[in-house]
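Here the structure comes first, spelled out in structure tokens, and everything after it is commentary.
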Amino acid sequence: MRAERRRAREAAMRALYQVDLSGCAEEWAIQCALEQSHDLDLGERGKSFARQLVLGSCERKQDIDGIMAEVAHDWAVNRMSPTDRNIMRIAVYEMLYLESVPVASSIDEAVEIAKLYGSADSPRFVNGILGTLADRLKRQASGGTAEGGDGDTAR
């Protein structure tokens, strides 16, 4: 199950990358990513999870990007590499909206995908931003206040 979820995240990242750079429709990008991802060998559960990640990330893109911008103090989201940006969009979506996925798993999976698809600096960059968000969510959950947070982002 875990291996299939990793592959589903890769397919989702490919679709989000396509949406991000071309502006195409999410459903079309999902279909293309799944059809062209023979190397990922996804079953129906994996395809469903990939679709959920893409549609959820796109639906909440404005919120996710806002959170990423707050956490990545000196980095504008539009200046991040498209690969890193879309890997993190998936992870942030999972961290905020999918209770079935542990926060640590979202971060670990994002870092591993960044190792495969990103630059040499991507894994450290992705880990730093997602780790900072995880700390912020932990503070919010324990009743502490988070910088710039409204208390509505913790799950």
Inset, instruction - For segment 106-150, name all the residues that are modelled with pLDDT under 95 and over 18 Å from M68 (Cβ atoms). - result: A141, S142, G143, G144, T145
Inset, instruction - Kindly establish whether V54 is of a type in the set (V, I, T) and not assigned by TED's automatic domain parsing to the domain that holds A141. - result: yes
Inset, instruction - For segment 79-101, indicate whether the set of residues that are of a type in the set (D, E, K, R), over 14 Å from the mean Cα position of the chain (by Cα), over 14 Å from R9 (Cβ atoms) and modelled with pLDDT of 95 or more is non-empty. - result: no
Legend entry - Looking only at segment 96-118, and only at residues there that are within 12 Å of L53 (Cβ to Cβ) and of a type outside the set (S, T, N, Q), the one that is surrounded by the most Cβ atoms within 10 Å (Cβ to Cβ): A110
Inset, instruction - Please enumerate the residues belonging to segment 1-30 that are loosely packed, with under 13 Cβ neighbours inside 10 Å and touching a Pro at 6+ places or on another chain (Cβ under 7 Å). - result: L21
Inset, instruction - Using the structure shown, decide if D74 is at pLDDT 95 or above, surrounded by fewer than 21 Cβ atoms within 10 Å (Cβ to Cβ) and closer than 22 Å to L130 by Cα. - result: no
Inset, instruction - Residues being surrounded by fewer than 20 Cβ atoms within 10 Å (Cβ to Cβ) and either of a type outside the set (K, R) or more than 13 Å from the chain's Cα centre (by Cα) (or both): count how many of those fall in segment 59-71. - result: 7
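The values are calculated or read from the model by the stated rules, or taken from the named source; none is laboratory data. Please read these numbers as outputs of a predicted model, since none were measured by experiment. Positions of Cβ are backbone-derived with ideal geometry, glycine not excepted, and every protein chain shown enters the neighbour counts.
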